[in-house]
Structures are given as C-alpha cells and as structure tokens.
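Single-structure report; data block below.
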C-alpha cells in the first residue's frame, strides 16, 4: 500500500512548525495527495515535464503514446529521431527516453526494485542515466515512491512560491528554511505547489 503524503496528522505537525502552511490550509484547505504509479511510463512522463508546462508535457506524451503500439522500452528504442520529432519530442528528450529505455533493456536498471531501496540508493541508480537529474529523481521519489521528506530545490514554481511567501530569496536560504520542515518536506512542497496552482487558476 502506498504511503499517504497528505494526511491529517502530518498536516497538524507541519502547521505547528511554520505558520505559512497554516495560512494556506486555512485559505485553501489541504492539497491533493498527488501520486502516480511506479514504473517506466511515469518516469518517462516526468522526463517530458522537464522545463515545460504540465499541459505541454502531457500533450507530447499523448502524441507519443498514440503513435507507439505499446509504451514500453522495447518500442521507444525503435523510434527514429524523425518519428520522435513528429510526436513533438525534442532531440534532447528523445535522447533521454532512449537512455532510460536502453538502461532497462540491458538490465542496468530495474525500476521495480526501486521501491525496496533507500532514497540514496534510488538516487545512485537513477543519476547514472543521461537526462535524469536531481529534479526528476525528486519528483519520482515523491509522486511514485511516496517519499515523505523530499524538497525539490530545482523546481522553479516551488522556489518562486517560497520567495513570494517568505524572506528566503536564494537557493541556499530556501534550503536552510526547508530544513525546518523535516520530516514533512514533501508535504510542504505539496502545499506550496497547491498554492501556486490555485493562485494561477490552474487547478
């Protein structure tokens, strides 16, 4: 059974740590408990979400998904650059998707085993793959593996929201502030994303 990142007890604890979460909770309520299935499809989608809007990434995924007979490593490695481009996948992200697919097909990466590993072990496995950096790993840990104490400092929306709501203005300041939110940093990130999306009427 997947762990709940958003739950009443953790919300109560986080609110007691920092009033900015109490303000969000009192105004907007609790954030959704966003989660995704573990595995290849979810990790590919997170790669496609790098540095673009969720709407754009979803459109690109849907086009690619409708093109292949099955969304599997075996099918993705068969696609040419032209086919990827026809599915609105950039050359760079096509390279990343192929790198992930090849790593799985070669046996270097077993996505199923990640759920049994520690966070540092998951990072060590995934960081070796071209195109998978800390942000992608953070999001996979939070949304798919349900790690409860992750703060993705590479997320622009999250960083801008912290800057808006607090006196922290640099990445170092934000990381220091986020230390106060342990061991609920994933929940803190969910609250901040929720605030960001609600303010922009994207949710």
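With respect to residue 71, is the statement that it is touching a helix residue (DSSP H, G or I) at 6+ places or on another chain (Cβ under 6 Å), farther than 19 Å from residue 128 by Cα and either modelled with pLDDT under 95 or buried (at least 19 other Cβ atoms within 10 Å of the Cβ) (or both) true?
no
Yes or no, residue by residue, for (1) in contact (Cβ under 8 Å) with a residue 24 or more places away in the chain; (2) surrounded by 13 or more Cβ atoms within 10 Å (Cβ to Cβ):
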site: 16; (1), (2): no, no
site: 35; (1), (2): yes, yes
site: 90; (1), (2): no, yes
site: 93; (1), (2): yes, yes
site: 103; (1), (2): yes, yes
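Given the conditions (1) free of Cβ contacts under 8 Å to residues at least 60 places away in the same chain; (2) touching a helix residue (DSSP H, G or I) at 6+ places or on another chain (Cβ under 9 Å), report the number of the one that residue 156 does not fulfil.
(2)
Quick grid of which residues meet (1) assigned by TED's automatic domain parsing to the domain that holds residue 12; (2) in a helix (DSSP H, G or I); (3) over 15 Å from residue 42 (Cβ atoms):
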| site | (1), (2), (3) |
| --- | --- |
| 94 | no, yes, yes |
| 129 | no, no, no |
| 139 | no, yes, no |
| 158 | yes, yes, yes |
| 167 | yes, no, yes |
| 176 | yes, yes, yes |
| 186 | yes, yes, yes |
| 193 | yes, yes, yes |
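Working carefully through the options 201, 169, find the one that is modelled with pLDDT under 95 and on the phi > 0 side of the Ramachandran plot.
201
Only residues that are farther than 10 Å from residue 145 by Cβ and either touching a helix residue (DSSP H, G or I) at 6+ places or on another chain (Cβ under 7 Å) or surrounded by 12 or more Cβ atoms within 10 Å (Cβ to Cβ) (or both): list them for the stretch 112-123, please.
If the condition is that a residue be farther than 10 Å from residue 145 by Cβ and either touching a helix residue (DSSP H, G or I) at 6+ places or on another chain (Cβ under 7 Å) or surrounded by 12 or more Cβ atoms within 10 Å (Cβ to Cβ) (or both), then 121, 123 are the ones that fit.
Can you confirm whether the stretch 111-132 contains a residue that is touching a residue at least 40 places away in the same chain (Cβ under 8 Å) and closer than 21 Å to residue 56 by Cα?
Yes: one or more hits.
The values are calculated or read from the model by the stated rules, or taken from the named source; none is laboratory data. All figures in this text were calculated on a predicted structure; none of them were measured in a lab. Note: ideal-geometry Cβ built from the backbone for every residue, glycine included; neighbour counts use all protein chains shown.
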